[in-house]
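Right, one structure below, let's go through it.
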Amino acid sequence: MNQAKWIAVVVCVLLTIGAYIGSTGLFYAEFRPIRNYDLVAFATSWAGLIYYLVRERKTKR
């Protein structure tokens, strides 16, 4: 993987952490369970990133 792809992975991780903390109120408010549509958004974005990385890997072979 080149540097641009690593940056994309790191940004995805940071956004996931930020969205999780914002959704659950972790550390700054009373904890509330994460909502289902947040879980769907996390899964969709990670699945898209993984699909992109796998597709790019297959085309370079």
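The values are calculated or read from the model by the stated rules, or taken from the named source; none is laboratory data. None of these values were measured; they are calculated from a predicted model. These accessible areas exclude ligands, DNA and RNA; they are computed on the full protein's heavy atoms, side chains included. Shrake-Rupley method; radii C 1.70, N 1.55, O 1.52, S 1.80 Å.
Of all alpha-carbon pairs in the chain, indicate the percentage at a distance above 17 angstrom. Spell out each step's value before the answer.
Numbers: 898 of 1830 pairs.
When every Cα pair of the chain is considered, 49 percent fall beyond 17 Å.
Computing the accessible area with a 1.4 Å probe over protein heavy atoms, can you report the carbon and sulfur percentage for the chain?
Values: 3350 of 4900 Å².
That share works out to 68 percent.
With every protein chain present, what accessible area does residue 15 have (1.4 Å probe, heavy atoms only), rounded to the nearest 10 Å²?
Accessible area of residue 15: about 120 Å².
Rounded to the nearest 500, what is the 222 nm mean residue ellipticity of the chain from helices alone, with -39500 (n - 2.57) per DSSP H run of 4+ residues and division by all residues?
-26500 deg cm²/dmol
For the chain, what is the accessible area per residue in Å², given a 1.4 Å probe and the full set of protein chains?
On the way: 4900 Å² over 61 residues.
Roughly 80 Å² per residue, with all protein chains present.
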